[in-house]
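> What follows is a structure written as structure tokens; I'll ask about it next.
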Amino acid sequence: MEITVERKWPKEAYTIGRLYVDGKLFANTLEDKDRGLWIYDSPERIRDVKIPGETAIPKGRYLVNMDVLSPKYSQIAWYKRVTKGYMPRLRNVPGFDAILIHPGSSAEDTRGCILVGKNTVKGGLTSSRDTFEKLYKLMKAAHDRGEHIFITIK
């Protein structure tokens, strides 16, 4: 499975984008501010540019792991029902740890993660839980078929 995020509308405190699944538009995304980082930047550059909790991950291609039980989300009833507490986690994001794809409505919810939903309000997302649940089901099915799941951030 190939997921692509096109960062389309950068703002001072957040970035709105479009998420595609295997080339088809699926949802909008909300991330922290894009500070121009790339996957191949040096660790020193990432450290110097990154503001913890306020910086989008570096652009690049990442493998997504579906087998990590989230200590945080596995304790919340809705996530237990939808994902059994297992969350899509991006692997080997330089300078960042525990980057997930998950629901949320504002930049305060991101903390470096990628939020999915509909961009029907300025600076935020709506229908995020419904959108995430649909995306998670597609990703889980691909994982269960033995497919690798990649996400490319542009």
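Laboratory data are not the source of any read-out in this text; all were calculated from the coordinates shown. Being a predicted model, the structure only gives us computed values, none of them experimental. Heads up, the Cβs are rebuilt from the backbone with ideal geometry, glycines too, and the neighbour counts pull from every protein chain shown.
> Grab the beta carbon distance between residue 66 and residue 38, set R0 = 22 Å, and tell me the FRET efficiency rounded to 0.05.
Calculated transfer efficiency: 0.30.
> Now for a different question. On full extension of the chain, what length is gained from residue 54 through residue 7, given 0.36 nm per residue of separation minus the C-alpha to C-alpha distance?
That pair, residue 54 and residue 7, stretches by 15.4 nm at full extension.
> Oh, and also: Can you pick out the pairs among 33/134; 59/84; 50/72; 84/137 whose Cα atoms lie more than 18 Å from each other?
33/134; 59/84; 50/72
> Here's something else I'd like to know. Cross-link candidates for residue 118: which aspartates and glutamates have Cα within less than 19 Å, leaving aside residues fewer than 8 places away along the same chain?
6, 22, 31, 32, 108, 109, 130, 133
> How far is it, in nm, from the label point at residue 97 to the one at residue 45 when both lie 7 Å from their Cα along the line to the Cβ?
For the pair residue 97/residue 45, the computed spacing is 2.4 nm.
> Sorting check: for 91-97, 109-115, which peptide has the highest mean count of neighbouring beta carbons within 10 Å, and how do the rest follow?
Sorting 91-97, 109-115 by mean packing, highest first, produces 109-115, 91-97.
> Can you tell me which of 136-143, 68-75 comes out highest on packing, and rank the rest after it, using the mean Cβ neighbours within 10 Å?
136-143, 68-75
> Residue separation times 0.36 nm, minus the C-alpha to C-alpha distance between residue 141 and residue 76: what's the value?
Using 0.36 nm per residue and subtracting the Cα-Cα distance, I get 21.2 nm.
> Suppose R0 equals 30 Å; then what is the FRET efficiency for residue 122 and residue 24 from their Cβ-Cβ distance, rounded to the nearest 0.05?
Using R0 = 30 Å, I get an efficiency of 0.70.
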